[in-house]
Amino acid sequence: MTPEEYKNKKLDLYRNITGDPNFDKESVLNDELCERCEGACCKTFPCTFSPYDFVDIDDFEYMKSILDTGYFVISYYYEEDECIYYIRAKGLNDRGVVAKSKAKPNECILLGEKGCQLDFYSRPTLGALLEPKSNKLFMCCKHRYSMDQLTKDWLKYQQQMLKLKKYYLFKKRVPNKGKIYKLERIIRQDEI
Ligand code: SF4
Ligand code: SF4
């Protein structure tokens with residue numbers, strides 16, 4: 001996908017999630033507040049993708065190209081008795097590609113000096129749709145992508161996630177910092 005096509009795909013997704021037909025990044029971004037806060041959310045825990053962030057989650061090779069960068073991991077949590085696998089950015093405390101949801105803080109490896117190193121539309125939806133409300137108080141910022149919705153979305157893709165988990169179990173991928181500029185292109189399947 002070209003940057004424009006991918007941006008439009010994400011805008012459709014964000015408009016669908018928020019129920020706001022006019023949603024765009026100005027609806028949530030507040031650089032002044034986030035700069036003062038210095039990224040409390042990203043320093044606490046890496047944010048989670050929606051399965052619809054990907055161009056085609058059914059394409060195993062494409063999903064491998066994303067996980068092979070070393071910047072993203074497969075993680076899981078329990079909803080009642082059900083184990084739900086999902087993909088999120090990697091944290092400084094994560095080791096393998098399959099990473100437990102360990103105790104916080106687990107600062108995101110994509111947090112740079114000027115905030116997230118991914119552009120707004122390539123970031124995981126949970127982070128992109130976190131609306132700043134208060135500096136230094138991550139809990140006060142508003143999740144426009146709810147955990148209920150996130151769980152419902154990932155539940156539909158557990159078969160694909162189990163296949164990826166089986167492949168990556170016990171594998172490690174070290175992020176190549178020299179290739180960080182390629183991440184957005186890999187996510188939007190612009191360079192495989
Ligand atoms: S915790 Fe809230 S205010 Fe702070 S960087 Fe994150 S979104 Fe911005
Ligand atoms: S991917 Fe970006 S927005 Fe999400 S936690 Fe990491 S630095 Fe923050």
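Here, each number is a calculation from the coordinates, and none is a lab measurement. Note that this is a predicted model, so its numbers are computed, not measured. Every residue, glycine among them, receives a Cβ derived from its backbone with ideal geometry; neighbour counts consider all protein chains shown.
Structural remarks
- Coupling constants for region 142-150 follow from the phi torsions by the Karplus curve (6.51 cos²θ - 1.76 cosθ + 1.60, θ = phi - 60°), and in residue order they are 9, 7, 7, 10, 6, 4, 4, 5, 4 Hz; glycine and proline get x.
- Amide hydrogen neighbours beyond the local backbone of Thr48, cut-off 5 Å, H modeled: Leu126, Gly127
- Extent along principal axes [Cα atoms of region 71-192; Å; largest to smallest]: 40, 40, 28
- Computed over neighbours whose Cβ is under 13 Å from that of Ile109, the net charge equals +4, Lys and Arg +1, Asp and Glu -1.
- If you wrap the tightest convex hull around every Cα atom of region 52-103 and split its volume per residue, you get 93 Å³.
- Length released on extending from Asp31 to Leu162, taking residue separation times 0.36 nm less the Cα-Cα span: 43.4 nm
- Low-density loop positions, trypsin sites (Lys or Arg not before Pro), region 76-166 - DSSP coil, at most 12 other Cβ in 10 Å: Arg95, Lys114, Lys136, Lys156
- Exceeding the 19 Å Cα-Cα cut-off - candidates Lys43/Lys166; Lys152/Lys182; Lys90/Lys171; Lys102/Lys156; Lys64/Lys163: Lys43/Lys166; Lys152/Lys182; Lys102/Lys156
- Surrounding net charge for Cys47, when Lys and Arg each add one and Asp and Glu each subtract one, Cβ distance under 9 Å: +2
- Approximate spin-label separation Lys152-Leu92, in nm, with each point projected 7 Å along Cα-to-Cβ: 3.7 nm
- At R0 = 22 Å, FRET efficiency that the Cβ-Cβ distance of Asp81 and Phe170 yields, to 0.05: 0.30
- For region 1-65, dividing the convex hull volume of the Cα atoms by the residue count gives 129 Å³ per residue.
- Selection of GluC sites (Glu not before Pro), region 70-109, meeting DSSP coil and at most 11 other Cβ within 10 Å: Glu80
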